[in-house]
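Have a look at the structure below before the remarks.
The values are calculated or read from the model by the stated rules, or taken from the named source; none is laboratory data. Treat the numbers as computed from the prediction; the structure is a model and nothing was measured. Positions of Cβ are backbone-derived with ideal geometry, glycine not excepted, and every protein chain shown enters the neighbour counts.
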Amino acid sequence: MTTTTTKLSPSTVWLFAFGSTLAGIGASYAASGFGQKAAAAVYFAVVAIGGFGATYLTRARVRGAVLAFLATAAVAAIAYFFLVDYIFRTATTAIADAASTGAQHAQNVEAGAKMGKMFGIFVAAIVFLETIVAGIGGAIAAARRATRVASRHSARWVARRADPHRTPSRSSSLARSAERSSDARATDRREQIAEDAPREAPDHVALVAPRRNFIAACGYS
């Protein structure tokens with residue numbers, strides 16, 4: 001679990017937004033061979049992960065993440081507009097010139113420009129919507145996740161403080177077990193000393209008694 005002290009700076013939310021969007025574009029391009037739906041799903045997943053991390057791993061608020069992904073979505077939409085506009089304009093003009101053998105080049109350029117703008121706006125709108133839905137959705141999901149985790153830990157802490165008969169922690173149980181073991185060893189040691197003392201006394205007396213009898217027999221007091 002991340003805490004406030006371990007989270008990243010709020011400004012890094014922009015890094016998550018732009019980084020995940022660029023990574024999503026690259027991943028979707030790599031997955032384009034599996035079809036447009038697969039590429040769109042990969043882009044959505046990557047941006048959603050970036051949105052989740054932008055709120056869960058940083059100290060930024062949800063509104064900061066929303067602003068960052070709105071700006072990123074706008075930049076991505078503009079970039080896609082110019083890219084798609086160029087591709088369709090060039091392709092339409094080239095096909096029309098080949099069909100008309102270059103006799104109507106001006107009209108073909110105008111038709112290509114119209115096609116390019118139309119498809120450029122269409123693709124840009126899709127990219128903008130997909131980016132804000134994935135990024136902002138991930139940010140909101142992360143904020144709710146963090147709130148639930150914090151509430152759960154707070155509830156557990158309050159319950160442990162309020163219950164005087166709460167289950168002792170593992171560290172306190174180990175400490176008490178070690179203390180009981182030490183007391184048991186000390187008791188065993190005292191009992192061993194007490195048991196050994198009576199057996200040692202007769203031996204000592206047996207050695208001293210003949211000496212006293214000898215001294216008395218010799219007439220010494």
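Are any residues in segment 24-52 over 17 Å from Ile132 (Cβ atoms) and either hydroxyl-bearing (Ser, Thr, Tyr) or touching a Phe, Trp or Tyr at 6+ places or on another chain (Cβ under 9 Å) (or both), and if so, which ones?
Hits for segment 24-52 are Ala27, Tyr29, Ala31, Ser32, Ala39, Val42.
Against the condition in contact with a strand residue (DSSP E or B) (Cβ under 8 Å, 6 or more places away or on another chain) and within 13 Å of Phe69 (Cβ to Cβ), how does Val13 come out, does it pass?
Yes; evaluated as a whole, the condition is true for this residue.
Collect the residues in segment 41-74 that are free of Cβ contacts under 8 Å to residues at least 40 places away in the same chain and surrounded by fewer than 16 Cβ atoms within 10 Å (Cβ to Cβ), keeping them in residue-number order.
Ala41, Arg63
Please give the number of the condition Val75 fails out of (1) in contact with a helix residue (DSSP H, G or I) (Cβ under 7 Å, 6 or more places away or on another chain); (2) at pLDDT 90 or above.
That leaves (1) as the condition not met.
Looking at (1) out of contact with any helix residue (DSSP H, G or I) (no Cβ under 6 Å at 6 or more places or on another chain); (2) assigned to a helix (DSSP H, G or I), which one does Ala143 not meet, given that it meets all the others?
Failing condition for Ala143: (1).
I'd like the residue in segment 1-40 that is touching a residue at least 60 places away in the same chain (Cβ under 8 Å) and of a type in the set (A, V, I, L, M, F, W, C) and, out of all such residues, is surrounded by the most Cβ atoms within 10 Å (Cβ to Cβ).
Within segment 1-40, the match that is surrounded by the most Cβ atoms within 10 Å (Cβ to Cβ) is Ala17.
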